[in-house]
Amino acid sequence: MDVRIEPSWKDRLSDVFASDWFEALATRIREEYRSGTEIYPPAREIFAAFDACAFDDVRVVVIGQDPYHGPGQANGLCFSVRPGVVMPPSLVNIFKEISAETGKPMPADGDLTRWARQGVLLLNSSLTVRAHSPKSHSGLGWERLTDAAVRKLAQEREGLVFMLWGSDAIRKGAFIDRGKHLVLTSAHPSPLSAYRGFFGNGHFVKANEYLRAHGKGEIDW
């Protein structure tokens, strides 16, 4: 089927988009949006993570679980919210860790588009969710697509940084060749787990040290 997505990703994932299982997934998701059920993010932003960061521009991959399920929060980039939207606790904790590592102050907003433009792929495992119902679209098939995207990056690129926070993300990146890429793992930044290893993980400094050593330039977190 024809999918509106950034061209380099459309090419890399063409087998996925041509598959019967993806056709079934797309039909199911379209039906949910049309049913009147509130689904996030807006349909036009389902592939925003890919659209904001072309395949060859990726330097860092951050893997989230599923989009925020509160009104006006999800914008298609994991952990990100639009300017003017109150930052969710996980995002606040991410910025707290960045501040602790780098001394940077808390930003004015939680829009991570500025990271995506620097080559940070902000990819949720599931690309849609029902309002107020976390993981409601898990198991529908999105994970097969996002697994394929991560696998393409891991196989075809070298010297990338993968940030895997929490058990779901760590499992998703289990196949990544640690000899070709830097894989950083820790607890999730959620308030339920951040104090069990996310705070103090040093990931943002470690990522930049690795990128600098591989001639890729640092990310302005």
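If only one of Ala49, Ala100 is in a helix (DSSP H, G or I), open to solvent by 70 Å² or more (accessible area, probe 1.4 Å) and closer than 22 Å to Leu164 by Cβ, which one is it? Unique residue meeting the criteria: Ala100.
In segment 164-172, the condition of being modelled with pLDDT of 95 or more, acidic (Asp, Glu), at negative phi and open to solvent by 10 Å² or more (accessible area, probe 1.4 Å) is met by no residue.
Can you work out which of the residues in segment 1-16 that are in a loop (DSSP other than H, G, I, E, B) and at pLDDT 95 or above is least open to solvent (accessible area, probe 1.4 Å)?
Checking each candidate, the answer is Leu13.
For segment 17-41, a residue qualifies if it is open to solvent by 20 Å² or more (accessible area, probe 1.4 Å), in contact (Cβ under 8 Å) with a residue 12 or more places away in the chain and not charged (D, E, K, R), and the qualifying residues are Ala18, Trp21, Ala24, Thr37, Tyr40. For segment 177-202, taking the residues that are of a type in the set (Ser, Thr, Tyr) and part of a loop (DSSP other than H, G, I, E, B), the one that is farthest from Val60 (Cα to Cα) is identified as Ser193. Within the option set Gly76, Gly72, being on the phi > 0 side of the Ramachandran plot, part of a loop (DSSP other than H, G, I, E, B) and at pLDDT 95 or above holds for one residue only, Gly76.
Could you count how many residues in segment 61-97 are open to solvent by 10 Å² or more (accessible area, probe 1.4 Å), among the hydrophobic types (A, V, I, L, M, F, W, C) and over 25 Å from Asp147 (Cα atoms)? The qualifying residues number 4.
Filtered by the rule that a residue be in a helix (DSSP H, G or I), under 19 Å from Gly103 (Cα atoms) and either open to solvent by less than 60 Å² (accessible area, probe 1.4 Å) or touching a residue at least 40 places away in the same chain (Cβ under 8 Å) (or both), segment 207-221 gives Ala207, Asn208.
Scanning segment 103-120 for residues that are surrounded by 14 or more Cβ atoms within 10 Å (Cβ to Cβ) and either β-branched (Val, Ile, Thr) or touching a helix residue (DSSP H, G or I) at 6+ places or on another chain (Cβ under 6 Å) (or both) returns Gly110, Thr113, Gly119, Val120.
Yes/no per residue for (1) over 19 Å from Ala52 (Cβ atoms); (2) of a type in the set (A, V, I, L, M, F, W, C); (3) without any contact (Cβ under 8 Å) to a residue 12 or more places away in the chain:
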residue	(1), (2), (3)
Tyr68	no, no, no
Pro71	yes, no, no
Val85	no, yes, no
Asn93	yes, no, no
Lys96	yes, no, no
Thr113	no, no, no
Val120	no, yes, no
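The values are calculated or read from the model by the stated rules, or taken from the named source; none is laboratory data. Keep in mind the model is a prediction, meaning the values are calculated, not measured. Ideal geometry is used to build each Cβ from the backbone, glycine not excepted, and the neighbour counts take in all protein chains shown. For the accessible areas, the whole protein counts, side chains as well, though only heavy atoms, and no ligand, DNA or RNA atoms are used. Shrake-Rupley method; radii C 1.70, N 1.55, O 1.52, S 1.80 Å.
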